[in-house]
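**Student:** Before anything else, here's the structure in question.
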């Protein structure tokens, strides 16, 4: 053993004696390269992953969807469906006892993406009939009357000079045509997102097949022939959007509550494979009331209620919808024909006008439970022409009341009365779909 150790020692000495210059030079070279890398690391280009994303719709920088804008910046505050207010550009806020004055205190540690501090001079929402009073690090809004949904109004993310935010992503490049975005490039530390905008889902899917983009987001449905394509992956994403069958209460037949209720009871499957929607409020809302009339399928009750005012004479209804809901509209029409013994014509439309009888579309309920503009009888946006003085009063009280518990009680009653009148049949919560190319590795 000792002899073997001596032999190893002498062999090592001989090797070092012959090659020590090479060893020293190699060691010094490695150390020099390592030192150089450490010095230049900050200046060397880093690998950036690029995602090319298709989005459907016509947008400007001012009208970007919240899903994009929230990647770039924040509003004064953030609000979730539980009604919890979280800091945004403002670290705190106060509401005056009379509910007419909102004071927001800006977070002094936040900076815009150009390194400048966030100040009140950068904040602009352009509210009508609201007095804006900027201070150094605070903003005061004076309202003419109490308006409890005001907090939801200041959640919209703000951009300085229409380009700079405080978020993870910044706007690197935009391309427009006639004022509308053709593409929008967002970059973060190690990711670049190139959003390309398309007028229709079909045009976006064509771009995906041609390899112009890597994925399409926000699809309402995916064509069957693409679902079976092994090179593509579909991802279903639950969202707050819901689908409903709306009635035009200016129509002579549909002005009757019992007629509308009869139609509601005549629809067999109201979910079509999705979570059921019972009211116009999102099921995740803090003011959602699940103890409302649900109009579970009842053909006997449907016929009895429908014929109360409609009678038994020959009746034809027209059901308008968009192409994406054609299959569901046909199933609803079949239910009405079979249960109520009436004729129903389904018509696909590209724009929504006021001359409908039945209208099957989807909508996004607002973060705040206030739905004054949709259901109050004085509003031009009340496209069903619903008119109920009790509901009008509840909607008025709901937007004037600041106490969350009292507001919740008000909106519980609002949903209960609205569902009793049935100006619409609320069907299901929808999902959106993302279609992506399979990763190569």
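**Student:** Pick from 59, 81: which is closer than 30 Å to residue 399 by Cβ, at pLDDT 90 or above and surrounded by 11 or more Cβ atoms within 10 Å (Cβ to Cβ)?
**Tutor:** 59
**Student:** Here is a follow-up. Residue by residue through region 315-351, note down the ones that are under 17 Å from residue 248 (Cβ atoms) and in a strand (DSSP E or B).
**Tutor:** If the condition is that a residue be under 17 Å from residue 248 (Cβ atoms) and in a strand (DSSP E or B), then 316, 317, 318, 319, 320, 321, 344, 345, 346, 347 are the ones that fit.
**Student:** Pick from 371, 379, 341: which is under 21 Å from residue 420 (Cβ atoms) and surrounded by fewer than 18 Cβ atoms within 10 Å (Cβ to Cβ)?
**Tutor:** It is 379.
**Student:** For region 392-441, how many residues are over 26 Å from residue 297 (Cβ atoms) and assigned to a strand (DSSP E or B)?
**Tutor:** Final tally of qualifying residues: 6.
**Student:** Looking only at region 352-391, filter to residues that are modelled with pLDDT of 95 or more and assigned to a strand (DSSP E or B); which one of those is farthest from residue 221 (Cα to Cα)?
**Tutor:** Among residues in region 352-391 that are modelled with pLDDT of 95 or more and assigned to a strand (DSSP E or B), the one farthest from residue 221 (Cα to Cα) is 358.
**Student:** Having 2 or more residues that are in contact (Cβ under 8 Å) with a residue 12 or more places away in the chain and within 28 Å of residue 72 (Cβ to Cβ) is the bar; report the helices (runs of 4 or more DSSP H) wholly within region 190-271 that clear it.
**Tutor:** 201-209
**Student:** Going residue by residue through region 273-286, is there one that turns out to be farther than 30 Å from residue 401 by Cβ, part of a loop (DSSP other than H, G, I, E, B), in the same structural domain as residue 394 (by TED's automatic domain parsing) and over 29 Å from the mean Cα position of the chain (by Cα)?
**Tutor:** No - not one qualifying residue is present in region 273-286.
**Student:** Given the options 108, 67, 73, name the one that is closer than 30 Å to residue 289 by Cβ, at pLDDT 75 or above and surrounded by 10 or more Cβ atoms within 10 Å (Cβ to Cβ).
**Tutor:** 67
**Student:** Determine whether residue 105 is under 16 Å from residue 402 (Cβ atoms), outside any loop (DSSP other than H, G, I, E, B) and not assigned by TED's automatic domain parsing to the domain that holds residue 407.
**Tutor:** For residue 105, the condition - under 16 Å from residue 402 (Cβ atoms), outside any loop (DSSP other than H, G, I, E, B) and not assigned by TED's automatic domain parsing to the domain that holds residue 407 - is not met.
**Student:** Further question on the same structure: Only one residue in 248, 252 is assigned by TED's automatic domain parsing to the domain that holds residue 411, closer than 25 Å to residue 353 by Cβ, out of contact with any helix residue (DSSP H, G or I) (no Cβ under 7 Å at 6 or more places or on another chain) and surrounded by fewer than 19 Cβ atoms within 10 Å (Cβ to Cβ), so which one is that?
**Tutor:** The conditions single out 252.
**Student:** Output yes when any residue across region 129-145 is out of contact with any strand residue (DSSP E or B) (no Cβ under 7 Å at 6 or more places or on another chain), outside the structural domain of residue 104 (by TED's automatic domain parsing), surrounded by 13 or more Cβ atoms within 10 Å (Cβ to Cβ) and not in a strand (DSSP E or B), and no when none is.
**Tutor:** Checked region 129-145: no residue is out of contact with any strand residue (DSSP E or B) (no Cβ under 7 Å at 6 or more places or on another chain), outside the structural domain of residue 104 (by TED's automatic domain parsing), surrounded by 13 or more Cβ atoms within 10 Å (Cβ to Cβ) and not in a strand (DSSP E or B).
**Student:** Would you check if residue 50 is over 30 Å from residue 104 (Cβ atoms), modelled with pLDDT of 90 or more and not in a loop (DSSP other than H, G, I, E, B)?
**Tutor:** Taking the combined requirement at face value, the residue satisfies it.
**Student:** Right, here's the next one. Where the second residue is part of a helix (DSSP H, G or I) and modelled with pLDDT of 95 or more and the first is surrounded by fewer than 18 Cβ atoms within 10 Å (Cβ to Cβ) and lies in region 396-408, which pairs have Cβ atoms under 6 Å and are six or more apart or on separate chains?
**Tutor:** Pairs found: 397/410.
Yes/no matrix, rows are residues, columns are (1) touching a helix residue (DSSP H, G or I) at 6+ places or on another chain (Cβ under 7 Å); (2) within 16 Å of residue 267 (Cα to Cα):
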residue: 291; (1), (2): no, no
residue: 294; (1), (2): no, yes
residue: 306; (1), (2): yes, yes
residue: 341; (1), (2): no, yes
residue: 347; (1), (2): no, no
residue: 364; (1), (2): no, no
residue: 402; (1), (2): no, no
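**Student:** Let me ask something additional. I'm trying to understand the selection: among the residues of region 335-373, which are touching a strand residue (DSSP E or B) at 6+ places or on another chain (Cβ under 8 Å) and without any contact (Cβ under 8 Å) to a residue 12 or more places away in the chain?
**Tutor:** 337, the sole residue that qualifies.
The values are calculated or read from the model by the stated rules, or taken from the named source; none is laboratory data. Remember, it's a predicted structure, so these values are computed and weren't measured experimentally. In this analysis, Cβ positions are derived from the backbone assuming ideal geometry, glycine residues included, and neighbour counts consider all displayed protein chains.
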